[in-house]
Every structure is written in C-alpha cells, then in structure tokens.
Protein chains: 2
Amino acid sequence: MNIDFTYHNPTRIHFGRTAMNHLEEELNLYGRNILFVYGKNSIKKSGLYDTVMKALAACGKRVTELSGINSNPRYTQVLEGARLVRESHSDLILAVGGGSVVDCAKAISVSAWCDGDPWERYWEKGGKLANPVVPVGSILTMTGTASEMNSGSVITHEEKKLKLGRVFPLAEVTPKFSILNPEFTFSVPKYQMVSGIFDIFSHLMEQYFSGDDDCVSDYLLEGDMLALISAARKAVKDPSDYEARSNIMWCATMGLNKILALSKTQDWEVHMIEHQLGAYTDCAHGIGLAIVSIPYYRHIYKYGLHRFVRFAQNVWKVRPEGKSDEQIALEGIQCLSDFIAEMGIPQRLRDVGATEEMLPLIAESAIKCGGYHVPDTAEVLDILKEAY
Amino acid sequence: MNIDFTYHNPTRIHFGRTAMNHLEEELNLYGRNILFVYGKNSIKKSGLYDTVMKALAACGKRVTELSGINSNPRYTQVLEGARLVRESHSDLILAVGGGSVVDCAKAISVSAWCDGDPWERYWEKGGKLANPVVPVGSILTMTGTASEMNSGSVITHEEKKLKLGRVFPLAEVTPKFSILNPEFTFSVPKYQMVSGIFDIFSHLMEQYFSGDDDCVSDYLLEGDMLALISAARKAVKDPSDYEARSNIMWCATMGLNKILALSKTQDWEVHMIEHQLGAYTDCAHGIGLAIVSIPYYRHIYKYGLHRFVRFAQNVWKVRPEGKSDEQIALEGIQCLSDFIAEMGIPQRLRDVGATEEMLPLIAESAIKCGGYHVPDTAEVLDILKEAY
C-alpha cells in the first residue's frame, strides 16, 4: 500500500430480500419534498413504482417526478431535473432504476444549485464542488455500475457528442442510502444482465491492470473477479438463481465503491474508448466494454507482462508449466475472450451499430489514459479496427 | 449473498506516510475538551506523544490524559476514563496506540454517560445502546484488531476473570477518523508484530470457516489471506520493509471492518477460547490464537470438510491430485501450522504462562460458539490439552 490515501464512504447499504423494509426509515430522515427519478416503464410494470409511491405517501412526502432517463443519461435531462429540484425545493432525490438513473440523480444533485453551466464546470473542466449538494437515495433495479455506493456520474452531452464521467468527492456525492434487492434485477432482460456482468468485470480489470507493487487491493480485486466468474456462469444458465444474482449484485458494489482501488494507480482506457463508442452508437455499456477489451489487452499486455501473467494464473488458473510469460499472458486473455463468448455477448463493433466511418471519430475523441501504456489516437484506431 | 444485511461504516481513514497531516483538520471538527488515551511509554520514546500534544495545542484544545492502558485493557481503566470524560466534559476521545487502546477508548465512549453499571449492561448482557456516545478518533501504532474501523471493544474484568468482547452498532461506535501510518508500527517488537499478524489471520479464518453457500465475502477473505501471507513473509525477514508493513496494516483493517463478513455466518470459537486464556495468563492475543488454532481446526475440520478443502487449495495452493478430501484438508491445516512456525510464534500453551490447572477453568469459562460445530466444555478441554 505504497500510495497514501483517504477513504470515507458513508453510504448505508440495505441488501437482500427484505431491504425495502428500510425505505420508510430512510425517507423519514429528510424533508417533505422528493424528486423521484426513474427510467421508462419497467418499474411500473414490475409494481415497484406503486410500492415506492405508497411509501412516499405513508411518509407524507410531496413528490415531483422525472421519468424517462435513458441507459446513457443525457445532459438535457440533468438540466430538467435541476430545474425541478429548484422549483420544488427538493430535500431528497430518490433514484429508482439502474446505474444510469443513479448517475443522473447524482448529476442533478450537484447541478441544481450550481451557478453557471454545470457541464462545463464539473464534467469538462473537472472543477471543484462549489455549491450545496442535494442528498440522493437509490433503489437499484439493475446492477453493474456501483453508482449506488460511489460518487461517479457519467453523462452524455448529445449536442457535443461527448460522454464524460466525473468522479466527485466520495463522501459528499455518494448516495446517503441504497436499497439493493437482488430480486429487483430478475426482470432485466438477459442481454442487459450480461452487459452488467461485463461492466463489473471491466471495472475490476481497469483497477487491476496497473502498478508493479505488492498491493492488498490487487488480491481483493482477484477475489472479486473469481466470485463474479462463478456467479456469472450460474446466472447465465439460470437467471432466477437468487444466490448467483445476489453475488453478482454485491460483486458490482464492491467492484467500484473504491475500497478495492485504494493505493492503486489504475487504467480506465477501455472505459474511455467505450464512452465515445456509446456517444456514437448508444450501445449497451457492458457490451461495448467487452468488444473493446480483447483487442485492447492484446495490444497492451506486453507493457505490463508480469500482471497479465498473474491475471492468467490467479484468475483463470492457467498452468504455467513449460510456457513462456508471453504464452501464459495470452492464454489468460484468451480465457477472458472465451468467458465473453460463454456469456453470449456480441464480439464485434459492427454488431452493436458502429459503422466504419465512426471509428476515426471515436478514436480521436476518446480520452487517452492507461495503466501500463497510454495509447495514442492511431493505436486506439487500430484497436477499434480489430474490434470492428 | 443469501443473508440480508445493512452495512454502514462511516470511519474516515487516512492511510500512509502523510496520514498525520490530517490530524489537525480532524481535531478542528470537535469541541475544546479532549481525553487523550494511550498506553505506556512507547509513544513518548518514539516522539509521537510530543507530535500529538503539539497538534492539540495548535488547535487550542484542553487535554486530559489517561495513560497506562494494557494490552488487555481492564474494566477499572474504562471506569477511570468514563469519570474523566464526565469531569472534563470531553468532546472527543483521542486514542493513540494499538487495538487495546482503541478498544478501551470505545468502551469509555459508551460508558461515560451510561446509567448503572456499563459492564453488566453492555458486556455481560449485551444490552442496547441507551445513552449518548462520545466520539472517538484514533492514531494507530500497532496493527491487528481493526479496532480503528469497527465497533468492537474487548475488555477484561479482572475481578470476575472475564474477558468479553462486545460489538456495538457499527455506525454509532466505530471511530470517526483513524490515522494509519505504517511507519508508526515499525517500533513494535517482532514478537508483537507476529502476534498482530496472526490476530489478523485469525479474524479472517473466524469469518471464513462457516457456511455452505457460494458467497462473495469468502472470495474476498481468501484474497485478504493471500495478501497477508505474502506480506508477512517479507516483514518477518525485514521488519522495516514499508510495502510489507503497510500491506499488513491494510489487511488488518479490511480483515475486520466487517465488509468482508457481509452475508456470512461466522465461527469465532478460537477467539472465545483465547479470550479466557488471556484472562488467565495475559499472553499476547495473537500468540494465544495461533496456539489454539491448530488443535481447534484439527478437531472441527470434518464438520466443514468442503470449506477446509477449499482453504487448502485456494489459500495454500495444495494440489488435490490423487488425494482424498480429508488429506487435502489436513494438508491445508499443516500449511497453516508451518506458517505459524515460520513466523517464529511459540506453539504450546506452556510457553505463554498457562499451567495445567488453568485448562479446565479456561475450558469451562470460554463462551461456546462455532461455525461448523459448537464444541462443549469437554471438547474445548481436549483442544487445550492438545495445545498444552
């Protein structure tokens, strides 16, 4: 643990079949005005909308609704939410949905009382929080982003064709409470489920593929990967397996509540490329990540060979006997590729709405970072072409 | 993650060589009156006492001191601290030392404003918190107990010959902040260092050896064990290896801040036996745990064979080919025993001041719990005799 850190994550997590029993006690901690943010019709179909409205009524809340939040939440929706918070003097923003809805709620929470243009200040320029933040609570219906226990918010500016993530100070922006009932994720279509699974896996790899030291966080990240692989294989066979789905849900929260990233440098280039892919194609986030990952890791593994060898042996149980480090590392990446296929995830960009014309635009606009190597635009274009 | 849970751990952790830079900003969050709790002379020798006093003076604090806290903090000291808090109207209890000092500070924090006898209410009867809790902050100089990020408090009642642990509600009693500078642990004698290492290892095993389900927490516990084994081997060879010592320190905090125990049933019988061993001999906690562990696990492994097989393979890399489950499990326990020897830890009760006459008294008074099997007094006596 060579790199100094401060960690403070005050989100209260209620997890399990009975988690919703805590909703009213949480709501009672806040004032009367609630902005209720959700997606499209799925929570109405499932009955969750009615359950939440009943709890809100029981607590005597005055409710303003903002619905229709997309899988890539848009800045125009953030501005609309911010206006509603100001008009209704919201005491709490209650997000009910997947990571996109929670990300949108957090964006609204920092934007409502911001002077000037929040996009420019917070997402483009990464400016310091300079205004009060409205508290956020969440009830999850999809898993993947860990938005329920972190301070990240990924927003798409449609006009500018930019999808930017901002990580705010953890203790100030992470939800005050999050309710995680794995059964609420059962109604998610299989395609979205495996997208979420790969999103989680990618978060773990983005944090793992960096650094040359012996760091506790890497061992814990491997543990979370192993738990996820085991649960994902069961869930793909039987999406109603509670044990498997609850494990996936907790792997996700642990995977990006930042406690497994402490004292780590990190990568995140796969996410940067996918964010621009998402801005152009609106493809499911986890699917885009899976498609980009294999050519990306085949491109960069030589720069962090020892870590890719470790990944192969510790995560995929590749036996090293009689093999060179290169062979072991590549076998590990092949295991990852096989896992993607096993999940039934598409493996080419052309399958998710990308066109050849988009590739240079995505390569150009993607932010360049990286753990063992920072690729330039030409290298990102090569990776995208391989993925096409 | 079959068992529902609520998790909320609001301790702010400052970790690393620069962690002390945060002391004044933390102190400024509280009122003027500070109860400064510490152990014997080691913080005066190391200069830490002066550093802390200087920070307290710079923040304009009025300081009351309580020193001489033992490695098994005594109830009489808790009562003395509670009296000092009342007399000086302490706004914050600042604990500087190892887990015992922090445990003692937490005991004082719940006892100061308790009507009636806190020992009886909170430790003997496990009663609900029914009075205000004085905030606690900690600066660690030894690692092992994770008291810096949990709500446990183990106190010895000398007159009653009882050493009892109480786990209070996490969010109410865990320290508000903890400062963890691994360099502060360098001055700890090697015997105390390895005692701390085994204490950490034991916390992980107590949480691990229970349950038959596929639970994310077990994978994370294995990750923490693997990180600890790697770091411990380096630290025993070179106690001034910052990377190794910092890893041990973080393994300890993660090992019992309860985030790796979520959705788990647990064991804790080794700790129950050791607590009574400690009440009779005052031996170092981690050393007592190590001595009890091997005969204990050899006694109970059959009841949770699958988990002991998993432990052998995942933690100790025992190869299963051509071996029965029993053989694999026992080989895992032997690896644990070899690790204890490698750490230079004594392996017999007679080496730590226990006498044969004590054994029935310890067996009788130890609380009986367990993960895969709850031993009775006769079984605990057998285990103690084997350990003698």
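If you filter region B:81-124 down to residues that are among the hydroxyl-bearing types (Ser, Thr, Tyr) and closer than 13 Å to B:Val173 by Cβ, you find that the one that is farthest from the chain's Cα centre (by Cα) is B:Ser111.
Got at least one residue in region A:2-14 being assigned to a loop (DSSP other than H, G, I, E, B) and away from chain B (no Cβ under 14 Å)? Checked against the condition, which is being assigned to a loop (DSSP other than H, G, I, E, B) and away from chain B (no Cβ under 14 Å), region A:2-14 yields no hits at all. Tell me, please, whether a residue that is within 14 Å of chain A (Cβ to nearest Cβ), surrounded by fewer than 22 Cβ atoms within 10 Å (Cβ to Cβ) and assigned to a helix (DSSP H, G or I) can be found in region B:83-94. Taking every residue of region B:83-94 in turn, none turns out to be within 14 Å of chain A (Cβ to nearest Cβ), surrounded by fewer than 22 Cβ atoms within 10 Å (Cβ to Cβ) and assigned to a helix (DSSP H, G or I). Being under 20 Å from A:Ile229 (Cβ atoms), loosely packed, with under 15 Cβ neighbours inside 10 Å and out of contact with any Lys or Arg (no Cβ under 9 Å at 6 or more places or on another chain) is a description that applies to A:Pro320. For B:Thr64, the stated conditions do not hold, so it cannot be described as among the β-branched types (Val, Ile, Thr) and not assigned by TED's automatic domain parsing to the domain that holds B:Ile179. Within this structure, A:Met225 fails the test of being under 30 Å from A:Leu361 (Cβ atoms), out of contact with any His (no Cβ under 9 Å at 6 or more places or on another chain) and not basic (Lys, Arg). Within region B:246-286, the set of residues being over 22 Å from B:Leu221 (Cβ atoms) and either touching a helix residue (DSSP H, G or I) at 6+ places or on another chain (Cβ under 7 Å) or assigned to a helix (DSSP H, G or I) (or both) comprises B:Gln276, B:Leu277, B:Gly278, B:Ala279, B:Tyr280, B:Thr281, B:Cys283, B:Ala284. Please give the number of the condition A:Ile3 fails out of (1) farther than 30 Å from A:Ser210 by Cα; (2) surrounded by fewer than 18 Cβ atoms within 10 Å (Cβ to Cβ). So the condition that A:Ile3 fails would be (1).
Checking the stated criteria, A:Val194 turns out to be touching a helix residue (DSSP H, G or I) at 6+ places or on another chain (Cβ under 8 Å) and not polar (S, T, N, Q). Residues in region B:60-82 that are closer than 19 Å to B:Val134 by Cα, of a type outside the set (D, E, K, R) and either in contact with a helix residue (DSSP H, G or I) (Cβ under 8 Å, 6 or more places away or on another chain) or outside any loop (DSSP other than H, G, I, E, B) (or both): 12 in all. Comparison of A:Val167, A:Val173 shows that the only residue that is assigned by TED's automatic domain parsing to the domain that holds A:Gly16 and under 12 Å from the mean Cα position of the chain (by Cα) is A:Val167. Given the criterion more than 23 Å from B:Asp117 (Cβ to Cβ) and touching a Leu at 6+ places or on another chain (Cβ under 9 Å), identify the matching residue among B:Val37, B:Val52. Just one listed residue meets the conditions, B:Val52.
In region A:245-253 there is at least one residue matching the filter, namely being among the small types (Gly, Ala, Ser), within 14 Å of chain B (Cβ to nearest Cβ), within 27 Å of A:Pro10 (Cα to Cα) and surrounded by 24 or more Cβ atoms within 10 Å (Cβ to Cβ). Has region B:52-63 got any residue that is on the phi < 0 side of the Ramachandran plot and surrounded by 24 or more Cβ atoms within 10 Å (Cβ to Cβ)? Checked against the condition, which is being on the phi < 0 side of the Ramachandran plot and surrounded by 24 or more Cβ atoms within 10 Å (Cβ to Cβ), region B:52-63 yields no hits at all.
The values are calculated or read from the model by the stated rules, or taken from the named source; none is laboratory data. Everything numeric here is computed off the predicted structure, so don't read it as measured data. Heads up, the Cβs are rebuilt from the backbone with ideal geometry, glycines too, and the neighbour counts pull from every protein chain shown.
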